[in-house]
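Trainee: Quick one: structure below, then a few questions.
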Amino acid sequence: MDKSINQVSTDVLNNNGLVNNDQFTLNRIKSAGDKKAQLKKIGEEFETMFLTKMIETLDKTVDKVGGILGEESRYVDTFKNHVFQEIGRQIASNKYTSVGIASQIYKQMEKFVG
């Protein structure tokens, strides 16, 4: 199936025929392996969500007139959401930049995972 870039962009914005991001995350957690590996992944995903929301909130405080992404639109918003989520994921998954939420979740919950 050969689609133009415009059609793919429209599909991404409208989520047509694409796996839901939450479902993608759930599948990634389930494929992590044993229960402790899944718990570690859950902690990382929670930290990713927290950091993504923090970055989105910080973005709302920035003056957007004349920004590098141009005029605000749903395309720019979608792009920024994906970028912010990836930045959050990179921060959360790196032991040098993580804020420690994932490790605390793991330490608190590992005694309940058999």
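Trainee: Please state which one of ILE91, ILE29, ILE87 is of a type in the set (Val, Ile, Thr), assigned to a helix (DSSP H, G or I), modelled with pLDDT under 90 and surrounded by 10 or more Cβ atoms within 10 Å (Cβ to Cβ).
Mentor: Only one candidate qualifies: ILE29.
Trainee: Then there's this: Note down all Cβ pairs under 7 Å where the first residue falls in region 45-67 and is farther than 20 Å from ARG28 by Cβ, the second is among the β-branched types (Val, Ile, Thr), and they're at least six residues apart or on different chains.
Mentor: Going by the 7 Å Cβ cut-off, the qualifying pairs are ILE55/ILE87.
Trainee: Sticking with this one: Go through (1) assigned to a helix (DSSP H, G or I); (2) surrounded by fewer than 14 Cβ atoms within 10 Å (Cβ to Cβ) one by one and return the number of the condition GLU71 breaks.
Mentor: Going through (1) assigned to a helix (DSSP H, G or I); (2) surrounded by fewer than 14 Cβ atoms within 10 Å (Cβ to Cβ) one by one, GLU71 breaks only (1).
Trainee: Something else about it: In region 48-67, is there at least one residue being over 19 Å from the mean Cα position of the chain (by Cα) and aliphatic (A, V, I, L, M)? Outline the logic, then answer.
Mentor: The initial filter retains those residues of region 48-67 that are over 19 Å from the mean Cα position of the chain (by Cα), namely 61-67.
Subset that is aliphatic (A, V, I, L, M): 62, 65.
Looking for residues that are over 19 Å from the mean Cα position of the chain (by Cα) and aliphatic (A, V, I, L, M), one finds at least one in region 48-67, hence yes.
Trainee: What are the pairs, 6+ residues apart or on separate chains, where a residue within region 68-97 that is in contact (Cβ under 8 Å) with a residue 60 or more places away in the chain has its Cβ under 8 Å from a residue that is surrounded by 12 or more Cβ atoms within 10 Å (Cβ to Cβ) and among the small types (Gly, Ala, Ser)?
Mentor: TYR75/SER9
The values are calculated or read from the model by the stated rules, or taken from the named source; none is laboratory data. Since we're looking at a predicted model, the values are computed, not measured. Because the Cβ atoms are built from the backbone with ideal geometry, glycine has one as well, and the counts that use them run over all protein chains shown.
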